[in-house]
Amino acid sequence: FAINPKLVTEPEQKHLIVENKTTYQALLPVLQKSTFSTLIYGVGNKIVKSIENFHHQYPLSAFKHRFLYFGDIDHEGINIWYRLNQKCPVEPALPFYEAALASQ
């Protein structure tokens, strides 16, 4: 994952998890202009297990953490979000989905 150093002291930390490497690479250059503290490349299904290590990798337990997920709009992408959400609360990143659908 990548860290936005401008936001590490914010009381609410927003973390964007993306399913695909292409999306991660496209968003990485604009991370510091965003409202996200981290940008996490989920590596498809692997995020479901690796999210367990997040608080060890980003040990800012005094802050509130809010996770958002942006993956493919298909059965597998929805399944990844569903299983991830069972591990920790993860919201669909609706503005990203709306933009993807508007460009169709």
Counting only residues that are open to solvent by 90 Å² or more (accessible area, probe 1.4 Å) and under 18 Å from Val90 (Cβ atoms), how many does the stretch 2-51 have?
-> 2
If we scan the stretch 69-89, do we find a residue that is closer than 20 Å to Gln13 by Cβ, in contact with a Phe, Trp or Tyr (Cβ under 9 Å, 6 or more places away or on another chain), exposed (fewer than 15 other Cβ atoms within 10 Å of the Cβ) and modelled with pLDDT of 95 or more?
-> yes
Of all residues in the stretch 5-59 being of a type in the set (A, V, I, L, M) and assigned to a loop (DSSP other than H, G, I, E, B), which is farthest from Asn85 (Cα to Cα)?
-> Val8
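The values are calculated or read from the model by the stated rules, or taken from the named source; none is laboratory data. None of the values given here were measured: they were computed from a predicted structure. Using ideal geometry, Cβ is built from the backbone for each residue, glycine included, and neighbour counts are taken over all protein chains shown. All accessible areas refer to the heavy atoms of the entire protein, side chains included, with ligands and DNA or RNA removed. Shrake-Rupley method; radii C 1.70, N 1.55, O 1.52, S 1.80 Å.
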